[in-house]
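Read the structure below first, then the notes.
The values are calculated or read from the model by the stated rules, or taken from the named source; none is laboratory data. Everything quoted here is computed from the prediction, not taken from an experiment. Quick reminder, even Gly has a Cβ in these numbers, built from the backbone with ideal geometry, and neighbours come from all protein chains shown. Ligands, DNA and RNA are excluded from the accessible area calculation, which covers all protein heavy atoms including side chains. Shrake-Rupley method; radii C 1.70, N 1.55, O 1.52, S 1.80 Å.
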Amino acid sequence: MARDLRLTLVGKPGCHLCDDAREVVQAVREELAALPDGPVIAFDEQSILDDEVLAQRFAEEIPVVLIDGEVHTYWRVDPVRLKAALLG
């Protein structure tokens with residue numbers, strides 16, 4: 001049975017690493033969406049410029065990828081590792 005997951009990308013506009021992370025996240029989401037019993041992945045982005053708590057917590061680590069609110073990785077996103085975590 002498919003699991004419901006929330007995937008969040010924390011970053012800011014103009015961040016080239018954030019743009020790279022977004023591409024990896026989208027590619028992994030598309031790959032998993034094609035699986036017959038893959039997880040249902042809700043995705044959202046949050047900017048450290050819009051949230052003081054996120055800014056204090058992650059200012060030096062963006063981009064940050066959260067799975068269900070827990071830090072999965074920061075700076076560079078490894079697609080193999082992300083896919084494994086989402087299929088976990």
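Remarks
- C-alpha long axis of helix 16-33 to longest principal axis of the chain, angle in °: 20 degrees
- Computed accessible area, Ile41, all protein chains, 1.4 angstrom probe, square angstrom: 20 Å²
- Mean separation of Cα contacts under 8 Å (6+ apart) over length of the chain, as relative contact order %: 42 percent
- Solvent-accessible area of Arg57 with every protein chain in place, 1.4 Å probe, in Å² to the nearest 10: 140 Å²
- Of all DSSP-defined beta bridges confined to the chain, some 50% are antiparallel rather than parallel.
- The listed residues Val64, Val53, Val77, Val40, once ranked by accessible area (1.4 Å probe) with the largest placed first, stand as Val53, Val40, Val77, Val64.
- Selected from Asp51, Asp68, Asp20 as most flexible by GNM, with the chain as the system and alpha-carbon contacts under 10 Å: Asp51
- Alpha-carbon centroid distance for the pair the range 46-88 / the range 1-39, whole angstrom: 11 Å
- Whole-Å semi-axes of the ellipsoid equivalent to the range 14-88 (Cα gyration tensor, √5λ, descending): 23, 12, 11
- Highest-MSF residue in the chain out of Gln26, Gln56, Gln46 [GNM, Cα springs under 10 Å]: Gln56
- Projecting the Cα atoms of Gly11, Ala59, His72 onto the charge dipole of the chain, computed from C-beta unit charges around the Cα centre, puts His72 farthest toward the positive end.
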